[in-house]
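The block underneath contains the structure these notes are about, expressed in structure tokens.
Derivation of every value follows stated rules applied to the coordinates shown; laboratory data play no part. Every value quoted in this text rests on a predicted model; they were computed, and no experiment measured them. As a convention, Cβ positions derive from the backbone with ideal geometry for all residues, glycine included, and neighbour counts pool all protein chains shown.
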Amino acid sequence: MSETKLTEHQQKILNLIKDSPTITGKQMSETLSVSQRTIERGLSALQKNGVRKHEGKDNDGVWMIIE
């Protein structure tokens, strides 16, 4: 993960996930004061880069950081 270049928003998303693995996209958008679409793009980029994954149901899952 250290070799992956992350944007500021992506790093903030990762920090939120580390603090609270069950956080929702809506909660992330409210915490960071950005749109939910911005969060979705950040999460998608993190998954594409192999940095994070989501386990469980969409509305009741857990975020996992891949290190």
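Spin-label model, N15 to K57: label points 7 Å out along the Cα-to-beta-carbon direction sit 3.2 nm apart.
Using the 10 angstrom Cβ neighbour count as an exposure proxy, how do K18, K5 rank, fewest first?
Ordered by Cβ neighbours within 10 Å, fewest first: K5, K18.
Extent of the range 8-65 along its three principal axes (Cα atoms, max minus min coordinate, largest first): 26, 23, 19 Å.
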